[in-house]
Every structure is written in structure tokens, then in C-alpha cells.
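Read the structure below first, then the notes.
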Amino acid sequence: RTNNVDLRQGVHLGGKRRNTVAGSNRDDRTLTLYEVDPTTRRLSDVAAAPIPTSMRDPYGLCMYHSAKSGTLYVFINNPDAGEFRQWEIQPSGAKLTAKLVREFTVGSQAEGCVADDEAGALYIAEEDVGLWRYSAEPDGGTDRRQLDSTAEAGRLKADVEGVAIFRGKDGAGYLIVSNQGADNYAVYRREGDNDFVGFFAIVANDELGIDGASETDGLDVTSTPLDRHFPHGMLVVQDGRNITPVQRQNFKLV
């Protein structure tokens, strides 16, 4: 049961550029590491040995490629008290291994997280509390700033789930958050103090027979132009309540 997944492309590790994928494995409670073959589009296991997390239930995960040091990191959290651990990814011959470099807790259950490589920021969704910004560097400690909350004075409604970054030019862009309790998505500016921009919902496309999206856990976004259908990038969200037709969860491409 790989629960969360993230990737970084073109990172120098062990004398080669790697397209590295990390996942949180809930079955054997390890950090799993893969590489993407761009030709076959297949994954190969590149962990030199199993990487135990020593967590009861490794859950959420996100990666960070530091612009400051060039080092690649992986964050994994444990639902209990929102416990986070940060690993430094290191070469081990042709394979990869990981070294634990930091631990902290956010206070209660958290899953969604994303790191801004250029800004050195780590964003964490504490599900029943709100959205936080930490330093993504290993010496960042426990200092944090709350961007929004689920309290009466806040804009969010529990659970606060997936978090992703739409990367624009010169550090601009947007932080997109699944506001699951309201079946919509909150948007904040990537730059500056992460000012709130607004909400949007994903509604049905009756012409194509596609329902909208609700109860979203995970999401991801890219600002890279993909094809004529997605010239400005793509947002992918998990649709937890799929009604047209009624069936299990699926994913919506926006």
C-alpha cells in the first residue's frame, strides 16, 4: 500500500542525473525509491536496501530539492500527532539510500504536504487545524507560520488535504489546497506572505458526461504546457464521490 508519492526530475546524485520517485509504503513501513525510465515510462526500484521509517503508519509524503545546497530530501509523516521526519537522499553505488536528518510534530493528524524548492518552504495541511508554512531545510526546526485555519476566523473547512504548487516565473505562482470539507479548493499566492486569492470548485461537464469533483484527498498541478488541451498546464484531483456514473473514486483532469 503505497499511500503518497512525489518526484523530482534531473537531480544530480552519484554522478548522474536522476528522475527520482519516492513513496510511503504502509505495508512494510518503509520509504520506497524508484527511478523513471523516460523511454519505457516504467519504474525501477533504486533503493540500495529497504529504508525503514520506524513509523507506525507512514502516510503523507513530499520531496524537496534544495536550491541552497542541491541536496534531495523526502518528508514522510505519521498520522499520530502529525509526526514528520525528513530524510536526505544519498547515492550508494548505482543505487540510493537515505539518512534521517530532522524530526518534528505539527500537533494533530496531517497528510498533505508540498515543498517549494526555490523558496525553501514546506507547506503542511494539518487536517482539522489548517495550513502551515515551515522551512524545508534540515536545520529549520519547529518554527512555523499559519497561513489559514479551520477555526471560525479562518477560511478552511476540515479536512484540509492535498497541497500542490503551480510554479510561475521568478518565484510567482499559486499554492492550491484541497478544502475537502467544503468540496472546493483554496488558492494562495506562492510569493510573498502567501496571500489568499480565492476558492474554486470543479463542476460537471455535461457535454462530455463528466461529473464534478468532491471529497478530494490528493491533488497535483503542473504549469508545464502539455498539449493543445492543456496549454497552460494541468491540475489533477482525486474525486472521492464519483456519481456519473456511480462508481469508485477516479481522477479529474482540469
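The values are calculated or read from the model by the stated rules, or taken from the named source; none is laboratory data. Keep in mind it's a predicted model, so treat the numbers as computed, not measured. Backbone-built Cβ (ideal geometry, glycine too); neighbour counts: all protein chains shown. We work out accessible area using only protein heavy atoms, side chains counted, and drop any ligands, DNA or RNA first. Shrake-Rupley method; radii C 1.70, N 1.55, O 1.52, S 1.80 Å.
Considering only residues of the range 12-27 that are at pLDDT below 95 and buried (at least 17 other Cβ atoms within 10 Å of the Cβ), which is nearest to residue 218 (Cα to Cα)? The residue in question is 18.
Just to be sure, is residue 36 open to solvent by 30 Å² or more (accessible area, probe 1.4 Å), at pLDDT 95 or above and either of a type in the set (Ser, Thr, Tyr) or under 20 Å from residue 221 (Cα atoms) (or both)? No, not satisfied. Taking the range 28-71 on its own, how many of its residues are assigned to a strand (DSSP E or B) and among the hydroxyl-bearing types (Ser, Thr, Tyr)? The number of residues fulfilling the criteria is 5.
With the condition being free of Cβ contacts under 8 Å to residues at least 12 places away in the same chain, I'd like the strands (runs of 3 or more DSSP E) fully within the range 152-254 carrying at least 3 qualifying residues. Result: empty, no element qualifies.
The residues of the range 103-119 that are free of Cβ contacts under 8 Å to residues at least 60 places away in the same chain, part of a strand (DSSP E or B) and either of a type in the set (Gly, Ala, Ser) or under 26 Å from residue 171 (Cα atoms) (or both), listed by number, are 110, 113, 115. Checked against (1) on the phi > 0 side of the Ramachandran plot; (2) open to solvent by 50 Å² or more (accessible area, probe 1.4 Å), residue 191 meets all criteria but (1).
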